[in-house]
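Heads up: the structure comes next, in structure tokens.
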Amino acid sequence: MRSEHLSNRPAQLAELRIRATRIRDFALKMAAVQGQGYVGQALGVADVLAVAYFAALVYRPADPSWDGRDRFLLSIGHYAIALYAALIEAGVLPQSEIETYGADDSRLPMSGMAHYTPGMEITGGSLGHGLPIAIGMCLGLKRKASNSFVYVLLSDGELNEGATWEAAMSASHWKLGNLIAIVDVNNQQADGPSSTTLGFEPLSDKWRAFGWWVARVDGNDMDAVLSAFDAARALPDAMPRIILCDTLMGKGVPFLEARDKTHFIRIEPEEWAKAIADLHAGAAE
Amino acid sequence: MTLADARAALPTKSIRQQFGETILDLAGERDDFVVLTADLMYATGIDRFGAAYPGRMFNLGIAEQNMTGVAAGLALSGKLPLISGYAVFTALRAVEQAKLDVAYNGVKVILAGQSAGLSYGVGGPTHQSCEDVAIMRSIPGMIVLVPSDAVEVDACLRAAMRHPAAAPIYIRLGRGAEWTFNAPGRPFEIGRSVRLREGDDLTLVANGSMVVEAVLASDALRSMGVAARVLNLHTVKPLDVAALEVAARQTRAMIVVEEHSVIGGLGAAVLEALAEVPHGPVRRIGIADSFPPIGPPHDLRASLGLSAENIVAQALDLLRRT
Ligand SMILES: Cc1ncc(C[n+]2csc(CCOP(=O)(O)OP(=O)(O)O)c2C)c(N)n1
Ligand SMILES: [Mg+2]
């Protein structure tokens, strides 16, 4: 749901920051249930998800498959914990399911799968599938004269995949003005920094050359993220839009921000408690 | 002793860890040996190789199709490349590169696919890999190996490395801890099955994680008066047709067990071979034509009947009917 403060930006930003902290809190609590998870990503992308779910997407929390909704595709299935946290904050999933995270018969499996979770539009996780599916959905929605946007969240590691770039060409070729891609550029992937695994810069120039409207922002600067989403939606041109969000893994929990290996985090029970306490201490400042 | 007790009495070893140790060891043998990965260096246990031999390690980023083509190019330039990835991405994402750039060119590239079958069960359909054997064995010239425990993984990698054929070799591997039961030091001969238990009532044919289950089932059946031969068919292609023909002649029935779809895997390969010769009834235990649920590998296997318990039950039922 878009928030009500459209005329009062400082109030809107304050609300979004509270939402983002709650998303981080839910993600940490889910990870604590299993003692492990892709939680560095969730902390990093929480501000982007807060803007997406509380200042951009049109949806009905009680009816996640309502036909008039904007679609939000999680191409990066390992980020499921981040999206679950956002869906809980959005009221699509109940907070009580946090305890079931990763359990055998849970609706919140460790990797995001459409058949398990309300609000999970696709089964991502094999990297490079999300953007092509998004293009198909955009074409389908245009054919039925729908006004819905299709948002798709990718990661910097996922930009390594050839299929992503095949799709990038299709999107501009088909003039998909209803497509908004978001990339979490945390400069991290499984084996280390993305920039040293497979250099991706100059990133904005690449997408522009592929025919996209591009915004590159500090993905942990709420003001900047909000402006980018607003601009992406308001753009009158029939072209796909992409918001490249530079984020910090572990954002909001200083000892996780400082960690060397953040792709998958496994820490002790008391450290999870400390992470949650540190998050709230930081947010209160 | 129950089957669960017998299983629990066995030692275990991580397949990934064994893989990493053997690769590091083999690197000393040949200078032309190079390793490629697609952002799965740590995840497939080859980080120590990478640290020891930085000039022989190519991390291509998450780009499996490109990586497989690059491996072909390296092979065409005189290197012996090994691709270290997950089975699902190695065999499915980059299948056309494996077919054309590698197999059609007749170059030797070792494609090592970890996390096969249900061994990364919590990853769901994106990471489970129950189709890879069917796909890889249909590629002309592709050798397909499915070792059964850490001991055999080690022997299999050494045999693949030394194999003289100018042909690609797909090696299907698990991921985490698996029961260890093979005796160390036994040579691994590509194309030659291993008879692990004698018996003339029926034959249990298995590969990969299901060999130990077949052995445990055979031991349990023996205490019930049923003599079940066990054949470890670690090589799906080229298949040890001779051993299968002998088994078909000497035993009344056959059960083929694999952690793979019943379509196109070991069971299918065995039936294709037996179609040419007289044989008794053959039953397949594998993954039905559906997407398995998510869960830890040992739980999933048990719930899908990929277990010694189910092999025993199926064997008794099959013998009752024949
Ligand atoms: C096609 C494919 N290849 C490999 C993987 C294994 N894998 C899972 S996450 C990951 C790293 C992805 O990069 P990114 O999302 O940027 O990593 P993060 O920022 O979460 O550390 C890899 C290689 C996969 N899921 N899909
Ligand atoms: Mg990343």
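Report the full-extension gain for the segment A:E99 to A:A277: residue separation times 0.36 nm, less the Cα-Cα distance, to one decimal in nm.
62.2 nm
Once you wrap a convex hull around the alpha carbon atoms of the protein assembly as shown, what is its projected area averaged over all directions, in nm²?
29.0
Eigenvalues of the Cα gyration tensor times 5, then square-rooted: what semi-axes does that give for region B:79-181, in whole angstrom, largest first?
Semi-axes, largest first: 22, 17, 10 Å.
Quick one: Cα centre-to-centre distance for region B:97-151 and region A:10-36, in angstrom?
Their Cα centres are 40 Å away from one another.
Only sites in a loop by DSSP and with at most 16 other Cβ atoms within 10 Å count here; which chymotrypsin sites (Phe, Trp or Tyr not before Pro) in region A:205-285 make the cut?
Answer by residue number: A:F264.
I need the Debye-formula profile for chain A: one equal scatterer per C-alpha, no solvent, reported as log10 I(q)/I(0) at q = 0.10 1/Å, two decimals.
Log10 I(q)/I(0), no solvent term: -0.47.
If you take every DSSP beta bridge whose two residues both sit in chain B, what share of them, in percent to the nearest 5, is antiparallel?
Taking every DSSP beta bridge with both residues in chain B, the antiparallel ones total about 20 percent.
Below 18 Å, Cα to Cα, which lysines can B:K79 reach? Residues fewer than 8 away in the same chain don't count.
B:K108
Students often get this wrong, so check it: of A:K175/A:K206; A:K29/A:K274; B:K99/B:K237; A:K206/A:K251, which have C-alpha atoms separated by over 23 Å?
Violating the 23 Å limit, Cα to Cα: A:K206/A:K251.
How big is the antiparallel share of DSSP beta bridges in the protein assembly as shown, given as a percent to the nearest 5?
So the antiparallel bridges in the protein assembly as shown amount to around 20 percent.
Got a sec? Charge dipole of region B:11-179, +1 on Cβ for Lys and Arg, -1 for Asp and Glu; which of B:Y53, B:G20, B:Y170 is way out at the positive end?
Positive-most Cα among the choices belongs to B:Y170.
Under the Karplus relation 6.51 cos²θ - 1.76 cosθ + 1.60, θ = phi - 60°, what is the ordered set of whole-Hz ³J(HN,Hα) values for region B:166-177, x standing for Gly and Pro?
So the Karplus estimates, Gly and Pro as x, are 7, 9, x, 10, 9, 10, 8, 10, x, 9, x, 5 Hz.
For chain B, just run the numbers: alpha carbon Rg, then divide by 2.2 N^0.38 Å, N being how many residues it has.
0.96
Can you list the GluC sites (Glu not before Pro) in region B:207-285 that are in a DSSP coil and have 11 or fewer other beta carbons within 10 angstrom?
Filter output for region B:207-285: B:E276.
Share of Cα-Cα pairs in region A:67-118 beyond 12 Å, in percent?
So the portion of pairs separated by more than 12 Å is 64 percent.
Antiparallel as a % of all DSSP beta bridges within region A:158-263, to the nearest 5?
10
Report the per residue volume, in Å³, of the convex hull enclosing the C-alpha atoms of region A:179-285.
Measuring per residue, one finds 117 Å³ for the Cα hull of region A:179-285.
Shape call for region B:191-321 from the C-alpha gyration tensor, a ≥ b ≥ c root eigenvalues: rounded (a/c under 1.5), prolate (a/b greater than b/c) or oblate?
Oblate, since a/c reaches 1.5 and b/c is not below a/b.
Which GluC sites (Glu not before Pro) in region B:82-166 pass both tests, a DSSP loop state and at most 16 other beta-carbon atoms within 10 Å?
Taking region B:82-166 and a limit of 16 other Cβ atoms within 10 Å, no loop GluC sites (Glu not before Pro) are found.
Can you classify region B:11-179 as rounded, prolate or oblate using the Cα gyration tensor, where a ≥ b ≥ c are the square roots of its eigenvalues, rounded means a/c under 1.5, and otherwise it's prolate if a/b beats b/c and oblate if not?
Rounded shape, in that the Cα axes give a/c under 1.5.
Which whole number gives the average count of other chain Cβ atoms within 10 Å of the Cβ atoms across peptide B:63-70?
That works out to 3 on average.
According to a simple spin-label model (label point 7 Å from Cα along Cα-to-Cβ), what is the distance in nm between A:A231 and A:A258?
Each label point is offset 7 Å from its Cα along the Cβ direction, giving 3.5 nm.
Counting Lys and Arg as +1 and Asp and Glu as -1, what is the net charge of the other residues whose Cβ lies under 10 Å from the Cβ of A:G252?
-2
Place a point 7 Å from the Cα of A:W66 along the Cα-to-Cβ direction; which residues of region A:23-60 have their backbone N under 16 Å from it?
Output list for this probe position: A:53-60.
Considering the Cα positions of region B:263-322, please state its Rg to one decimal place and its Dmax as a whole number of Å.
13.6, 40
Can you pull the one-decimal nm distance between simple spin-label points at B:Y104 and A:A114, each 7 Å off the Cα toward Cβ?
3.2
So if we plug the beta-carbon distance of B:D25 and A:Q36 into 1/(1 + (r/R0)^6) with R0 = 30 Å, what FRET efficiency do we get, rounded to 0.05?
0.50
Once phi is turned into ³J(HN,Hα) by the Karplus curve 6.51 cos²θ - 1.76 cosθ + 1.60 with θ = phi - 60°, what whole-Hz value does each residue of region B:210-226 show in order, with x for glycine and proline?
After applying 6.51 cos²θ - 1.76 cosθ + 1.60, I find 8, 5, 4, 5, 5, 5, 4, 5, 4, 4, 5, 5, 4, 5, 9, x, 10 Hz.
Sticking with the crude label model, points 7 Å out along Cα→Cβ, report the distance from A:W174 to B:E276 in nm, one decimal please.
4.8
Using the eigenvalues of the Cα gyration tensor, what equivalent ellipsoid semi-axes result for region B:179-255 when each is taken as the square root of five times the eigenvalue, whole Å, largest first?
So the three semi-axes of region B:179-255 are 19, 16, 9 Å.
Based on the Cβ-Cβ distance from A:R266 to B:A52, what FRET efficiency comes out when R0 is 35 Å, to the nearest 0.05?
That pair, A:R266 with B:A52, gives E of 0.85.
Average the reciprocal distances over every distinct pair of alpha-carbons in region A:92-163, invert the result, and give the Kirkwood radius in Å.
With all distinct Cα pairs of region A:92-163 included, I get 14.1 Å.
Let's see if you can work this out: charge +1 on each Lys and Arg Cβ, -1 on each Asp and Glu Cβ, no other charges. What is the dipole magnitude of the protein assembly as shown about its Cα centre, in debye to the nearest 20?
My answer is approximately 1040 debye.
Every number in this text was worked out from the coordinates using simple rules, so none of it is lab data. No experiment lies behind these values; they were computed from the predicted model shown. In this analysis, Cβ positions are derived from the backbone assuming ideal geometry, glycine residues included, and neighbour counts consider all displayed protein chains.
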